[in-house]
Every structure is written in structure tokens, then in C-alpha cells.
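This report refers to the structure that appears directly beneath it.
The values are calculated or read from the model by the stated rules, or taken from the named source; none is laboratory data. From a predicted model like this one, the values you see are computed outputs, not experimental measurements. Methodologically, a virtual Cβ is constructed for each residue, glycine included, from the backbone with ideal geometry; neighbour enumeration extends over all protein chains shown.
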Amino acid sequence: MKFLHTADWQIGKPFQSISDHAKRESLRKQRLDTLIALKSLIEKDKLDFVVVCGDLFDSWTPDAATVSGLCSAVGSLKVPVYAIPGNHDHGGPGCIWEQEFFLREKEQLAPNFHILLKPEPVVLESAVLLPCPLLRRHESEDPTEWLRNEPEGLPEELPRIVLAHGSTQGFSSSGEADSESGINRIELERLPKSSYDYIALGDWHGMKEIAPGAWFCGTSEQDRFAKGDSNQPGHVCIVEIENTGAAPKVTPHKTGTVGWHSPDDFHFTNDDDLETLESQIETFIGQQTNRDLLKVRVHGTLSFTGIESFEKLAESLRARLIRLDLDQDLQIEPSVEELNALTERQDPLIALVAQQLRDSMETDPLARDALRELQLQTRKVEA
Amino acid sequence: MKLLSATVRNYRTHRDKTVQLDDDLVLIHGPNESGKSTLAEAIHCALFLKAKGSTNLHKAMESDHGGTPEVELRFSAGGSKHTLLKSFGSSGNTTLESDGQATLNGSAAEECLARLLGVDGTVSGGGIEAKMEKRWGHLWVRQGTSDATPLESVEESQSQLRDKLQASSGQSILSSPVDNAVIDALQAWEKDNFTGTGKAKTHSDLDKAEKALASAKESAETARDALEQLRQAATNYEQAEADIERHEKNLAEAETQLKAIEAQLKTVNTLREQSKEKTRLREAIEKELKELTAADAEIREFESQLKTLRADAAPKEKEIEKLRTESKNKQTDYEKARSAREAASQSLSRLRSIADAWQAHCEGLQKGKVIADLSKQLKKIEKLKASQKKITKELAPLEEFTTEAIEELEASEHAAKQAQLKLEAYALQIEVLESDQSIEINGQPLDKGQKQILSRAAELQVGSKTRIRLTPGGAEDLEAARSASEEAADALVEALKAIGVDSVEAARAQARQRANLSDDLEKLEEQLEDANADATEEELAEAEKALVQLEARRHAAVPKDESIEFTQDLKQAEAAYEKAHELQAEGNQAFAQAESQENATRKAAEKAAELLGSAEEAHKQQSEAIKKLESQLDYALGKAGDSKVRSKAINSGLANFDQAKQAEQSVVKQLDELGAEQLELDAQRLRESAKKDADKLKDANGRKIEARTELRSSGNQDPERELKEAEADAARCQQRFDQLDHQSKVRLHLLEKLRAARQATTAALAKPLEDAVNPYLKLLFGGSRARLHWADDGSRIESFELDRTDKQNGLFEFQKLSHGTREQVALALRLAMAQLLAVDHDGCLPLVLDDAFTHADKDRLEKLKSLLYQASHAGLQILLLSCHPENYNGLSASEVSL
């Protein structure tokens, strides 16, 4: 018996930080395309079904177009898809799962789509699913609590698969340990290990086996800058269980296509470092456009020329990347030549003011910018 | 450059006129229309106007005399002397001869001239008048322009002036074109983006960014509200569901409990009926028993009170008897004391009469003595009155001989003697000592040795032809003296006759006798006055009357049964009175004692009577109370019976009561065991609770439906996503605004610095000129200062202000000064500029003042003269043209008369 474990699709994620609407839209669409692409994998590996461990939608109130998109993608997978709601698309009052337009689209586009809203065993032909749906955004109770004692009457011969969404010790959707401590917490250690064959987890966007037979599969398409290197976002897990009690065989499969790059902070000692930064960035994005996002913090000092080059670089990157998240703490430090070019000008007022600004750089917080403005204005006038 | 002489030929009114100008101060004067202004203009045209030409200026030069207008000018410049000859007109020409140089002609001469004068070629072409006005406009003051600011007329020499100022101030050039272009660009940007008060202009980038930010924030707020409303609806839905579950459970529980309680309450009702009956019975017995006990207690109380009252009343009767005896004794004591006081009173009355009789007797004796003395005094007065009468009789005939009368007589006598003496002094005695002719006085011949005394005018005839009039003492005066003498003698006789004496001496004797008698009479009258005859008589009458009254009083005072021998000796009588008085004092004392005794006994008797009265009253009341109690007791006994009967009835009632109470308590106990009250309360509570739960259930169902409706999504939008997008938009707007705001701050900061730098430079550049003007201003106003302002681009001096803050008068723009002050200030400024510019002209430049200061008053003129004199000493050449040479007296100018 083989199935696909996936989670945290977060379809409809707005990516509001991207100012360009077309880029936002393309990133949103990519998430659906990645789902649709799972079909070939399912067919190739002859998978029996798909389990989705929460956060299929980014919001608990997605609009109809987003709903249709998701239903269409799920429908295209052909095999049965079993899903539980997560904290983003929880099953509380007013949730998407009971809205009329969802039910209609599901019926028409994805008859293979099963949303499990009750914590009760679902017996399939080849396995028993034990869903732990989140019925509110912030659930203070452990959603797996009902499994702490093995439910009665479960068929012995079928492998038992737990579907849950929430944070465990050290792993949460925000990537920070114990964030929102006590909310949607899953206490795996309290579950009787021998009673369940595989625990399929969602919420944390990285991929990892956090306990024997317990896996976070991560999001199929990365949707944020990862913290740390061990996250491995952009994967799904192919799980094979030969028979009840046997250890499941888990094979991660990369599905993500969008590059989310967040290199270490970059420090400018002088203008020469610009070249280093440029080559570093090139290793991430090469010559391609509209495929990557870059988050970088830069600090240090640059001359007028340096800052101008840096601004041009940033301008190019903004055009090429889906998003440039630049945290800039740069000090303008004009070079001696640049300063002399102003202070020694034949234009008495410009030279005098340049001297005054130069001499007050340590005390006047606007002096450096004003010097640069003076340089720019002079250049503009002379052009 | 200095003008030395000028010759004008065929130039308007001048046919051929030469003036010497080789002095520092030259006054060219002449009447109106004598050609002063023409001369000044001719010199100006010679220096600057292109000779060849047919402009209006050229035409205007033409003279009625005919011939080509010509000006020959000698001047020094560039270190040597020059002779310039210009003939104007369409075939005009210029010749310039310079010491040691070849003579130049035509345009070469004009070019050289322009170089020497430091100007940009000769003036020609269109708009010639305006061009000429600008040429050395600051040095050439035409008629009526002396109050105009030279800052405008210096226009052509502005750059030279700036060079001089830069050289003096050590300041480099003011600002470069690039400087100005940068400032202009920033100012244009500032004007486009900010209002005068520094706020962002509508539709400026900053304003748009700010508005976009506000709008984005508002959108985010709207989205937040929408999402919050949805979340609230979800919460409400959950809450409603939880409420519904809770209230349904509550309702079911309450109904079950209520059923059980209602069954128990039925038993309770039956027991309650029984309890009521038992209570009614017990209460009836209890009431009867209370009445019996009360009657018994009342009787016991009456008996107890009677016993106490009687025990109290017995000793009181004895006490009353004792008080009665005591009262009687005190009354007897009082009667005795009263009799004693009455006897003492009678005795005192008798003693008082006797003493009074003796007192009257003594006073009668004293009065008798007084009467004798008064009678004696009266006899003496009679005698004095007789003497007075006698002297008065003797004095009567001498009445007229008063001192004043005698003095008048003596005066009359003296006057008669004086008049006689005067008469005698006037008289003229004539004696014939020898004569050969007949001598007659008033026709009366007077012979040899004959004497005649003349007292009045007389005619003396000597011979037949000589008549002499003699007037002794001046004729009229002698007559008056004679008449006065006679009048004085008559008056004396008349006065003597009036008082009846023969001589003044006799009158004096009579007067002496009168004075003696008057003295005697006066003495007598004094004695009589001292004796006071009238009072003495009155006193005597009163004394006699008092004596009669005293005798009557004595008689009345003697008691009828008493016989007293009254002695006529006063001393004895007074002793007897003393004795009687002492006896009366003793009687008084005895009476006071008796009276005191009477009062004391009376008070004691009254007190005893009072005590007795109170005791008797108290006893009476007590007796009445006893009687009343006895009657009440009788009545009560009649009603309730004696103690035996009563005791039996009470014991029987008590037994009945106990029985009834036990029966009642038994039922109450059963009710208590059932918890009846609690059952009722519980039933009530459960009913109310059920009702409330039902209401709440209804409400929760309503809320659930309402929340479900709100939660039903159309799918048109995703509120959560919209909020995220709106918040991101707002953040971007904020970032954009912050960037623009920072950029604006940087640009404004830079602009401010550039402006300040320019301001500082222009201020420094203005200083040398200000320094040159200030001494002149001090001369004019005793201390004001010049404030010159360069245009921002440094192209020209834009404005002038007179700083009079040293006199607390503030700053004054040139145009706001009075006409006279403008003239003064403009001259100071011209002189200062000329001084600075003269450096390039061998230290000298001419300043032409055509008919200036015509309206200046004397004080101003004096100051202006000082100014001109000082300027000429500083190296300038001043040419004054005026039709009022007297205005420039004392200037020490060389004069040229036209």
C-alpha cells in the first residue's frame, strides 16, 4: 500500500509583500501548478490515495476562484484525496468546508476529494485513517487527544494512518520553537506508538521525520524564506507500508520550483565589495527572471559612486526577481575624490556648502545625504 | 579722470563757449535758459555718444546759429592729458589728441576714448536716449533726478563696482552660474512642492504620498473591521451553540427536579392545615391563662402598695402635732416682740419732740441777737444819709466849675493876650525929627519931634507935592490882628460872665472848692454802699419773721404732759439741746433693737407655719391615695376572688396550655422534617430558572441563525487576504512617504545651506560700499548706517536700506524716505560708489549735479556742502550747475558764469 503525504498547500496565499500584482498572481498560480504536477508522480508510483494534513487554503474565507482552482487541481489527481482542515482553513463556524459554493465545486470538479471534519476513524479498503481536524484557528486542546487511547473496533489487518496538523516540540509553522506555545500543540509522546503505523503531520513547512514513523512532509511549494538550512521545503512524501506493524518506507520527492533565497547578511567595507555581492547573487538566480525571491540584509559603507551602483543593482534585481526583500543599513561615505570634486569646485557656493556639509558629517544627520543631493543636482544642472 | 575744460560750438543755444573746469569743485551758474544743462549734456555726449549719427539726440544738438555742433573737451585720464574734439551729425567725426601720442581719428579715436573711460564702446543705434541715460548714470545727475536711487543708474558700471567690492572685501565672485542654476532648480522644486508656510502643496509628490498613505490606512482599517466582524460572527456562532446546549440541559434538569418537589409539597399542605388548627387552640388557652395571671399579679401589687403607704403614713401624724406646737410658740414670741417695738417707738417720738423744742429755742435766741445787731446798723446808715444830703446841697451852685470849664477860660485869656501882643507888633511909630516942610498924617500935620503910632494905613504928606502912603505890617494883616484881639477880649469877658465870676482867678477858687466837696460826697457814698442799707432792712424783716416761726415750732414740739422751763441764756439752752439730742439717739438705738427683734420672731413664726402647712398637705394626699387603693383592691378581689380561688384557676390553665402546645409542636416538627419552606423556595427557583433558560435558549437560537447568516460567504472575496493586502499596501505607502519625506528634508536642508552661503557672501560683498557710505551718513544724520542687499544671483545691488536702529528708529527702505532725505542719501551713495570706482580712473571721477537740491532747506544745504567738500577732498571732481549760486556760498568752489 502506497500513498502520498502532503500538506500546507496554502492555496490563495496573497503574497501581499510583493508590490507587483502580476508577480503576485504568478506566484499564486505556481502553487496550483505544483499540485497539478503531482499527477504524474501518483501515476508513476501507482499511489493508492493522497492525504493532505491541513492548510489546503491559506485563508478560512477563500474566494470562489481560489476554491475552484483548488478543486480543479485535486480533481486532476484522480486518486482519492483525504484532507483535514489546519489552522489556516480550520473547520469552525463559517468555514469554507461548509460553504455552499465549495460543496458545489467539490462535487463538480473533485468527486475524489474527501474533507474529514470529525475526529473518527475512516476505514478505507487498504488502510484506516485517523483524522485529527482543527475546528478552530487556535485549538487549546491537543487534536490527537482522542487517539491517546486506541479507539475501539479498529480493523487489525489494516495499517493505521494518523492525520494531524499542529506544532510539535521544536517544529511549528512559524519555524520558531514553542511559538504560540500551547496553541495547536500535538503531544506525540502521549500517543501509544504501537497502535499507529504512520503519523502524517502538517503545519511546519520543512520536511523531517521527527519521531519514528512520524513525518512533517512540509509544503509542496515553498512560500516563505526558510530559517536555517535543514528545512527542505518544497517536497512531498511517498509512503509505503507493506503490512501492519512494519516500519513505513518514506521517500521524499522534490516538487518545489520557485527559488526562495535568504543568504547571510552582507557587509560593505568599500565599493569593491559590490562585485562580490553581485557574483553571490548570480549564483542564486543566474540569468533567469521571475523565478526567484531574494531576502538580504546589507550594511556597511559605500561612496557616492558605490551607492549609485548599488541602487542600479537593486533596480535590476527588483525587475528580475519576483521579490527583492532588501533590508538596507548603508552609510554613505563619500570618497576623498568625491568630496574634493565638490569642495574644490569653482562654483563658490557649491564649494562652500560642500565644505560645511563635509565638516558636519559627524553631527548633522542629513549632511551625507545632502552632499549626495548636491552632487546629483550639480550633475543634473551641468548635463 | 578729470575734466579740464570744455568748449561748445554751435550746440543749441551756445555759439562758442569755453569753460574752465580744472578744479575739484566747480560751480557753473547762470540764469534759467543760460545753457547750463546744455553744457552738461554736451560734455556727456562728447564723452560717450558716437559722433556720427542722425538720432534724435544728434538732431536736438543743432543750433539756431547754424553750423555743425562741436564739443572740444580737455581731460586727464590714464595718466596723461587728452584733447577730444567731436563734431556731431551725419558726417560727424572724433579726434583725440593725447600727450605724446599720435592723433587718432574716427572710430579709432572713439575706441581709444572708450578704453580711457572704461566703457563698452560709444553709444549708438536705437533707443539712444535710454542708453545714454545709463552711461555713467550714477555720476551724471540730471535735473529733477537727485532723489532717485543710484542703484539703478549704476547698472552699466555694476560689474566694475562688483570687482572693486570683491577686491576690497577679499571675497571671491558671489556665485557662479552653476551655483545659481542649482539654487534655482532647488527653489523651483521647493516652489512646486511646498507652500509659503512650508506645507506640502496639493498634488505634490509628498502630498500625494501622504494622501495615498491615509487612504491605504483607511482601506486596511475597513478590511480589518470586515474580518473582525466575520471572526466575531464565528465566535458568536460558537457561543450561541454552547449556550443552546447548556440551556437545553438546564431545562431538562429543572423539570425533573420540579416534579419530585411538587409531590412532597402536597403532604406539606395537609400538615399545614392541621398545624393551623392546633395553633388556634393553643393561642385561646394561652390568652385565658395570661388574663388570670395578670389579675392575680394586679391584686398582689395593690396589696403591696397599700402596705407600704400605711407604714409610711403612721409617723407623719406625730410629726405634724410637734410642728403645730412649735408654730404656736413662735407666734407668741412674735406678738411680744411687736409690743416692745411699739413702746420703743412711742418713747423715741417723745424724745425727738423735746430735742426739737430745744433746737427751736436755741435758734430763737440766736435769731434775737441777729435782730439787735441789724437795728444798730440801720441807725448808723441814717446818720450817713443826713451827711450826704448836706454836702449835695452845698455842691449844687458850684456845678459849672468843672476842670474843662476852667481850662476853656484859661485858653480864652491866653488867646486875648496873644492877640494883643500881635497887634502891638504890627503898629508903626512915626516921629518927626527935623523938617522944613509941612508934614501931615491923614491930613493931620505932624510937627518936629512929634510921634504917632499908626496901626492902620495912613497918608503922609510932606510939603504940598509929596504924598506917601504908609501901611504898617502890610495893611490887611494889621486890620485882622486888631479885630482878632478885640474878639479874643470879648470872648473872655463873655466866658467869665457866663459862669458868674469876675476873673479867671475867682473861677479857679470856686473850682477848687467844688473838687473838695465832690471827694467828701464820694467817700460818703462808698460808706453807704458798704453798709448796704436795703439788704440790712430786708435781713432784719426776715429775722423777725423767722423768730416768730421758731417760737411757734418750739411751742408745738413740747409734749402736752411736759412742762419745760426754757432758759433765755443761749449757752444753757444749747447744753439742754445737746442733752435732749443724746437722749433721742439712745431712743433711736432702743427702737432699732426692738424692730430687729420683731422681724426675727416674725420670720421664725412664718417658717414654722409653712412647715406645718406642707406636712399637713402631704398627709392629706397620702390619705387620699390609700383610700383609692383600698377601693381598687376591693374591686379586683370581687372580680378574681381570693388567693385560693385564683391559684386553682391558674394551675388548671397551665396544664391545658402544655397539652395544646405539645400537639402543635408535633405537627410543626413533621413540617420541619419535610423542609417545607425550602421545598417551596426550590420549586420557585426551578420554575424561574426554567423560564430564564427557555428565554435564553430562544435568544441563543436567534443569535445562531444571525451568525450563520453572516458567516455564509458569497465567495466574491476573501476578507483575510484583503486585510493582508491592504496592510501591505499601507506599509508600502508609508515607506514611499518616508522616502519622499526624507528626500524633501535633505533637499530643503541643502537649499537652506546654499541660501545661507549666498546671503553671507553678498553681505560681505556689500560691506566695503557700506563702509564708504557710512562716514557720509554720519555727516548727514550723525550716525545712521547703510544696509545694501545684493540680488540673490549676485548680479546687482538690489536694494538699499537706511539703518537708523542706533536712534531707535528701525530700518527704512530707500523709497520710503522723505524727498529731502532721499536726495541726501542718494548723494552719499553716489559719492561712495564714485570713490570706489575712481580707483580705475587715476583716483578721480567727475560727478555732475545739474540743478540738484533746489528744494533743500538751509540746514540740509549746509550738510550737503560739507559732503561735497569732503568728497572733493577724497579725490572726486564735483561739477555743480545751478541758477542759485548763493546756495553754495562757503563751498570754496571755482565759479564759471554763463
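If you go through segment A:326-371, how many residues are within 24 Å of residue A:274 (Cβ to Cβ), within 7 Å of chain B (Cβ to nearest Cβ) and out of contact with any Leu (no Cβ under 7 Å at 6 or more places or on another chain)? Explain how you work it out, then say what you get.
To start, the set of residues in segment A:326-371 that are within 24 Å of residue A:274 (Cβ to Cβ) comprises A:326-342, A:358, A:361, A:367-371.
Imposing the further condition that a residue be within 7 Å of chain B (Cβ to nearest Cβ) reduces the set to A:369-370.
Okay, now just the ones that are also out of contact with any Leu (no Cβ under 7 Å at 6 or more places or on another chain), so A:369.
So the answer is 1.
Scan segment B:406-427 and give yes if some residue there is of a type outside the set (Asp, Glu), at positive phi and outside any helix (DSSP H, G or I), otherwise no.
Step one: of segment B:406-427, the residues of a type outside the set (Asp, Glu) are B:406, B:409, B:411-412, B:414-423, B:425-427.
Keeping just the survivors that are at positive phi gives none.
So far as segment B:406-427 goes, no, none of its residues is of a type outside the set (Asp, Glu), at positive phi and outside any helix (DSSP H, G or I).
Please find, within segment B:725-746, the residue that is nearest to the other protein chains (Cβ to nearest Cβ) out of those that are over 28 Å from residue A:373 (Cα atoms) and among the charged types (D, E, K, R).
Our first condition is that a residue be over 28 Å from residue A:373 (Cα atoms); within segment B:725-746, this holds for B:725-729.
From what's left, among the charged types (D, E, K, R): B:725, B:727, B:729.
Values: B:725: 4, B:727: 7, B:729: 8 Å.
Top of the filtered list is B:725.
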Looking only at segment B:480-507, filter to residues that are buried (at least 16 other Cβ atoms within 10 Å of the Cβ) and of a type outside the set (A, V, I, L, M); which one of those is modelled with the highest pLDDT?
B:485
Applying the selection to segment B:676-724, what residues are assigned to a helix (DSSP H, G or I), out of contact with any helix residue (DSSP H, G or I) (no Cβ under 8 Å at 6 or more places or on another chain) and within 8 Å of another protein chain (Cβ to nearest Cβ)?
B:721, B:724
Output the number of residues of segment A:2-45 satisfying the condition of being within 14 Å of another protein chain (Cβ to nearest Cβ), in contact (Cβ under 8 Å) with a residue 24 or more places away in the chain and assigned to a helix (DSSP H, G or I).
3
With the checklist (1) outside any helix (DSSP H, G or I); (2) surrounded by fewer than 24 Cβ atoms within 10 Å (Cβ to Cβ) in hand, flag the one item residue A:89 doesn't pass.
(2)
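Among the listed residues A:277, A:376, which satisfies the condition of being surrounded by fewer than 16 Cβ atoms within 10 Å (Cβ to Cβ), aliphatic (A, V, I, L, M), in a helix (DSSP H, G or I) and under 42 Å from the mean Cα position of the chain (by Cα)?
Details: A:277 fails: surrounded by fewer than 16 Cβ atoms within 10 Å (Cβ to Cβ).
Result: A:376 is the single residue among A:277, A:376 that is surrounded by fewer than 16 Cβ atoms within 10 Å (Cβ to Cβ), aliphatic (A, V, I, L, M), in a helix (DSSP H, G or I) and under 42 Å from the mean Cα position of the chain (by Cα).
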One residue is enough: does segment B:278-288 have a residue meeting the conditions buried (at least 17 other Cβ atoms within 10 Å of the Cβ), in a helix (DSSP H, G or I) and within 14 Å of another protein chain (Cβ to nearest Cβ)?
no
Can you go through A:348, A:365 and tell me which one is in contact with an Asp or Glu (Cβ under 9 Å, 6 or more places away or on another chain) and free of Cβ contacts under 8 Å to residues at least 12 places away in the same chain?
A:348
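Answer yes or no as to whether residue B:824 is more than 60 Å from the chain's Cα centre (by Cα), of a type outside the set (A, V, I, L, M, F, W, C) and buried (at least 22 other Cβ atoms within 10 Å of the Cβ).
Numbers: more than 60 Å from the chain's Cα centre (by Cα): no; of a type outside the set (A, V, I, L, M, F, W, C): yes; buried (at least 22 other Cβ atoms within 10 Å of the Cβ): yes.
Considered against the rule, which asks whether it is more than 60 Å from the chain's Cα centre (by Cα), of a type outside the set (A, V, I, L, M, F, W, C) and buried (at least 22 other Cβ atoms within 10 Å of the Cβ), residue B:824 comes out as no.
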Counting only residues that are of a type in the set (A, V, I, L, M) and under 26 Å from residue A:160 (Cα atoms), which one in segment A:55-112 is farthest from the other protein chains (Cβ to nearest Cβ)?
A:79
Tell me which residues, restricted to segment B:729-756, are crowded, with 20+ Cβ neighbours inside 10 Å, in contact (Cβ under 8 Å) with a residue 24 or more places away in the chain and of a type outside the set (Phe, Trp, Tyr).
B:729, B:730, B:733, B:747, B:750, B:751, B:754
Here are some conditions: (1) away from chain B (no Cβ under 13 Å); (2) touching a helix residue (DSSP H, G or I) at 6+ places or on another chain (Cβ under 8 Å); (3) among the hydrophobic types (A, V, I, L, M, F, W, C). Residue A:374 meets all but one. Which one does it not meet?
(1)
Residue A:347 is checked against (1) among the acidic types (Asp, Glu); (2) within 13 Å of residue A:304 (Cβ to Cβ); (3) crowded, with 20+ Cβ neighbours inside 10 Å and fails just one. What number does that condition carry?
(2)
Can you tell which of B:753, B:778 is more than 10 Å from chain A (Cβ to nearest Cβ), part of a helix (DSSP H, G or I) and among the basic types (Lys, Arg)?
B:778
Given (1) in contact (Cβ under 8 Å) with a residue 60 or more places away in the chain; (2) more than 30 Å from residue B:329 (Cα to Cα), number of the condition residue B:590 does not satisfy:
(2)
Report yes if some residue within segment A:110-133 is in a loop (DSSP other than H, G, I, E, B), under 25 Å from residue B:722 (Cβ atoms) and not polar (S, T, N, Q); otherwise report no.
no
